[in-house]
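The values are calculated or read from the model by the stated rules, or taken from the named source; none is laboratory data. Please read all numbers here as calculations on a predicted model, not as lab measurements. All Cβ positions, even for glycine, are placed from backbone atoms using ideal geometry, and neighbour counts span all protein chains on display. Protein only, heavy atoms only, side chains kept; ligands, DNA and RNA dropped before computing areas. Shrake-Rupley method; radii C 1.70, N 1.55, O 1.52, S 1.80 Å.
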Amino acid sequence: MKQFWYGLALLLFLALPPVRDLLESVMAFHMHMQMLLLFVSGLLMEPFFQKHFGGVFDKYNKTGLPGVVLFLVILLYWMLPRTMDEALEIWFVELWKFVSLPFLAGVPLRDSWKKMSQTFEIVVFMILMVIFSVMTYLYIFSESTLCNNYLMIDQQTVGWGFAFFVLCIVMYILLVLFTDQSQYFGDDSEA
């Protein structure tokens with residue numbers, strides 16, 4: 001239950017006008033910090049929703065695939081440059097960001113992660129790697145600004161942030177594929 005309060009406190013902290021204005025003033029902070037922390041707040045709040053609305057999760061997210069698809073749709077939506085601009089200019093799009101990232105991306109992904117096999121987890125990471133690679137190319141090599149509210153250098157910084165995420169995902173996939181994970185998580189067959 002503590003996780004829920006931490007997640008809610010993080011969400012409310014990010015919604016404070018000075019914090020919100022600071023994080024949205026720089027494109028890299030907006031994309032890689034504010035949006036990521038909103039997502040993390042949803043991850044932290046998931047056990048509360050699982051406890052109180054577990055039947056809904058069991059009915060609609062039995063295999064974990066619907067939750068992952070919802071997460072990917074929300075993620076792709078918020079990576080579009082136009083949606084970042086609209087979040088700065090239209091109040092209800094900003095509100096949608098504060099609702100969709102925690103509750104429609106963070107909560108479903110944490111619920112889904114427990115239900116997925118390791119192979120499916122690797123597939124999700126590979127999908128993220130492809131998405132982030134496309135975003136890296138788009139933001140770094142675009143000849144014009146994609147977001148009207150930010151400078152070209154801000155856009156390129158976000159692109160390099162995506163490149164860093166791609167590198168981290170590649171290293172994680174290699175780690176999982178070439179190490180014995182039963183040393184860290186135990187082997188169910190031994191029980």
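Quick one: which helices (runs of 4 or more DSSP H) lie wholly within the range 112-191 and hold at least 2 residues that are of a type in the set (Ser, Thr, Tyr), modelled with pLDDT of 90 or more and under 30 Å from Arg82 (Cα atoms)?
Per the criteria, 118-141.
Tell me yes or no: at least one residue of the range 26-46 is under 29 Å from Gln156 (Cβ atoms), open to solvent by less than 30 Å² (accessible area, probe 1.4 Å) and touching a Ser or Thr at 6+ places or on another chain (Cβ under 8 Å).
Within the range 26-46 (the criterion being under 29 Å from Gln156 (Cβ atoms), open to solvent by less than 30 Å² (accessible area, probe 1.4 Å) and touching a Ser or Thr at 6+ places or on another chain (Cβ under 8 Å)), the answer is yes, since at least one residue qualifies.
Considering only the range 56-109, state which residues are surrounded by 13 or more Cβ atoms within 10 Å (Cβ to Cβ), aromatic (Phe, Trp, Tyr) and free of Cβ contacts under 8 Å to residues at least 60 places away in the same chain.
Phe57, Phe71, Tyr77, Trp78, Trp96
Within the bounds of the range 148-159, is there any residue that is among the aromatic types (Phe, Trp, Tyr), crowded, with 17+ Cβ neighbours inside 10 Å and within 21 Å of Val40 (Cα to Cα)?
no
Do you know which residues across the range 128-147 are open to solvent by 60 Å² or more (accessible area, probe 1.4 Å) and under 24 Å from Val73 (Cβ atoms)? It would help to see each step written out before you state the result.
Taking the range 128-147 and keeping what is open to solvent by 60 Å² or more (accessible area, probe 1.4 Å), we get 130, 134, 137-138, 141, 143-145.
Of everything in the range 128-147, those that are open to solvent by 60 Å² or more (accessible area, probe 1.4 Å) and under 24 Å from Val73 (Cβ atoms) turn out to be Val130, Val134, Tyr137, Leu138.
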